[in-house]
1. Across the range 590-602, which residue is nearest to ligand 2 (Cβ to nearest atom) among those that are open to solvent by 20 Å² or more (accessible area, probe 1.4 Å) and within 46 Å of the chain's Cα centre (by Cα)?
2. Working only within the range 148-163, note down all residues that are under 11 Å from His129 (Cβ atoms) and open to solvent by 40 Å² or more (accessible area, probe 1.4 Å).
3. Looking at this structure, is Leu296 open to solvent by 10 Å² or more (accessible area, probe 1.4 Å) and aliphatic (A, V, I, L, M)?
4. From the list Gly398, Gly380, Gly372, which one is open to solvent by less than 40 Å² (accessible area, probe 1.4 Å) and under 21 Å from Phe331 (Cβ atoms)?
5. Taking only the range 504-517 into account, find how many residues are more than 16 Å from ligand 2 (Cβ to nearest atom) and in a strand (DSSP E or B).
6. Just one of the numbered conditions (1) out of contact with any Leu (no Cβ under 8 Å at 6 or more places or on another chain); (2) at pLDDT 95 or above; (3) within 11 Å of ligand 1 (Cβ to nearest atom) is not true of Ala541; which one?
7. Hey, can you tell me all the residues within the range 665-702 that are in contact with a helix residue (DSSP H, G or I) (Cβ under 7 Å, 6 or more places away or on another chain) and under 30 Å from Glu603 (Cα atoms)?
8. Is it true that Lys703 is open to solvent by 60 Å² or more (accessible area, probe 1.4 Å), within 16 Å of ligand 2 (Cβ to nearest atom) and within 22 Å of Arg566 (Cα to Cα)?
Amino acid sequence: MHDQEAITHSPGKNITPRFLIFSRQAASAALIEDLLTQTQARPLPPIEDVRYMIESKHESIDDTGEARFPMPSFSVSTVYDVQEIFTSVMQANMDGMPYLALFFDLFPDEPEAHLKVIEQLCGEQYDIHVLLCMSQEAAQQKAPMLTELVGHKLLHILRKPLLEFEVSQTVSHLIAQEIEQVRLWENDIRFACAARGSSDGVWDWNLNTNDFFVSRRWKEMLGYRDDEISNVLHEWFQLVHHDDRKDLRAKLMHHIQEGEGFFVGEYRILHKDGTYSWMLCRGRTVRGATDRSHHLIGTQTDISEYKAIQEQQQHDVLHDPLTGLPNRTLFLDRLEQAMVRGQQRKAYQFAVLILDLDRFKTILDSLGHSVGDQLLIDVGQRFSRLISPTDTIARLGGSEYAILLDDANGLERAPQLAERIQQSLTLPFNLSGQEVFTGANIGIASNKKRYEHPEELLRDADSAMNKAKDTGKARVEMFVTDMHVQAVTLLQMETDLRRAIERKEFRMVYQPIVSLQNGQIIGFEALVRWYKSERVAISPASFIPVAEDTGLIIPIGKWVLEESCRQMQAWRDMFFQDLPLSVNVNLSSHQFAQDDLIEQIEETLRTSGVSGKHIKLELTESVLMDSESAHSVKKVFDKLKELDILLCMDDFGTGYSSLSYLHKFPFHTLKIDRSFIKRMRKDAKHAEIVRTIISLAQNLHMKVVAEGVETTEQLADLRELGCDYGQGYLFSKPLSSEDATALLSRRPR
Ligand code: C2E
Ligand code: MG
Ligand code: MG
């Protein structure tokens, strides 16, 4: 029932169109009255099915929401004095029964006095139609001035002598207009009645008087009793959330000015309990049915629940469900905004850091997914504490995070933040009672380079991070422009490498390893070459990393092993049935991780006929570091031992140079990396390192090979230090199979 108040409070008893006739002559007034009465007797064609209400509006609506309406009729009053016009018009308005039209029979003697009355009426802004009866000449003369005065919508000129059909047509037209207004009004009352069925509140704003009315339900929605809140427009606006007020006001004003369609707005409004509720507000302007006033009538619906769901959905779309951090989509969006700022202000140099956790897969495999999930959450929280409120941290997927340092000196802050991140990871994570350590490789990119799309900047940061991973030591890498070029080249190389395998474009070269005591060749290191064209050999240093990244190292490595064993057996058949000679084959960590590595080796030994004691495998420390567990490494090593295959630790000194690896695993030979041999003479520190490595190997009963021996001075020093073997350009460059065979054939037996 509440909303009926909203409907019925508007005054209105009678909307029967009323005409006021002003005439100095009773006879002509009677004539007009007569003509009007005839008009009334006639049906009104354009508005046949229009229903409209008389008396108070809500009473006309029955239980079914339908209403019965009488046919239109109108009433006529007559005045004979100018002053009387004013009194009648004002009184009628006050009574809520305004006149629809004023019938003015202009008296030829005193037209000016009459026009003055009209002017005064219009000055009062009475919304009243003026029907002027005047002669043809007067009409021609005064029409422009009158139109300006009254407005063309409200002015109607009837020429004298009055014609019956002209009068009835004008009157019909006016009534039709009036009834159409009523119909609109009625629609809005229906609308309000529909709201009564729901739990909406109703409001009604009289735009003429600024009176504002809200229903009891409207107040209830905000937790107020009917008498606790007054009907003042200002109060409504005061309750609306400050941030939504401007928008609401603008939408209302726009609707009032345009006056078409519906006004729709959403805003937060203050509840009595101090919280805000989201409301949907719909309304439209209508003319009052009886009092010629303009109203804006509307409903208010509580949409808080819907808004909460909507907000949650929006949040879910833009956030990572595990960590609650922004996801890639939101990150890219913020990055795009930062890029716009960067384009507007040159000095605005923000930065993006991408980081990936070390050994995350190992953690997952060994400790399980729930520990892995907890680690990702804890890492996110730890990183979040390191950034400022204007920055954004996101989880991009897997164990990859991105941070946007979004301010003018973001680029400047990036390296310090990277360092603090690294620092923060030196402390363990306590996950279900276990202490877990992890590290991160970090790539940095900034808007120093011009980017079109945020994805491009992210890609560059990613390239930098991958570079950090590759170098292994730096762990933080800043993007430099050619990295992208490199990435494109890598992609091309991958395609080419696949083709190279099909086309058998690989060949092996063999570099002698010699005894430093007597210069005898004790073996060869087998090194692969890629002959992309007949004359150009591509160095393994440039394609092995790509082969490792793409998994192509597996077929390539398999071929290398087969070819090296085949070669070794061929030499044995030719020269060395009894003499010890071995071929060293390099094994990458990916190959080492193959489940069927041992089977592969056994098979190769069988088909080539070579014994395991003529094969040595060169492994770098990374092979051991990348392996999932020491346990499985040991198993492989035991098998290799059974096959009489010896192991060399390659490139010693460049990785972690961990003594524990040397101690734990049965390496036969240690190869000192070329970089130390090269600097031995120039830098005492390096000479000392070489000395230490040699004595360390001796203590562990290992043989030592010095890599990259290029000068006789280096040879002399190494000899003095007691290094067993050497490999390098001083003795021989890597040789083709034929050249190596020729060299062996010249070897003294
Ligand atoms: P590595 O195993 O340390 O091989 C020694 C590298 O040093 C070879 O480079 C060799 O040509 C080079 N070298 C030897 N003596 C000297 C010298 O006196 N001075 C200088 N400057 N360099 C010397 P290469 O053949 O380019 O191979 C580079 C790396 O590629 C190898 O390092 C190895 O890690 C990898 N590699 C080569 N062949 C294979 C293969 O068949 N399989 C796998 N997995 N890796 C391979
Ligand atoms: Mg090697
Ligand atoms: Mg090496």
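The values are calculated or read from the model by the stated rules, or taken from the named source; none is laboratory data. None of the values given here were measured: they were computed from a predicted structure. Cβ: placed from backbone, ideal geometry, glycine included. Neighbour counts: every protein chain shown. In case anyone asks, the SASA skips ligands and DNA or RNA and just uses the protein heavy atoms, side chains included. Shrake-Rupley method; radii C 1.70, N 1.55, O 1.52, S 1.80 Å.
1. In this case the residue turns out to be His590.
2. Looking only at the range 148-163, we keep the residues that are under 11 Å from His129 (Cβ atoms), and these are 150-151, 153-156.
Within the range 148-163, Lys153 is the sole residue that qualifies.
3. Criteria not met by Leu296.
4. Working: Gly398 fails: open to solvent by less than 40 Å² (accessible area, probe 1.4 Å); Gly372 fails: under 21 Å from Phe331 (Cβ atoms).
Unique residue meeting the criteria: Gly380.
5. Initial filter on the range 504-517 (more than 16 Å from ligand 2 (Cβ to nearest atom)): 504-507, 515-517.
The next check asks that each one be in a strand (DSSP E or B); those that pass are 506-507, 515.
Counting residues in the range 504-517 that are more than 16 Å from ligand 2 (Cβ to nearest atom) and in a strand (DSSP E or B) gives 3.
6. (2)
7. Across the range 665-702, the qualifying residues are Phe665, Pro666, Leu670.
8. Working: open to solvent by 60 Å² or more (accessible area, probe 1.4 Å): yes; within 16 Å of ligand 2 (Cβ to nearest atom): yes; within 22 Å of Arg566 (Cα to Cα): no.
The answer is no for Lys703.
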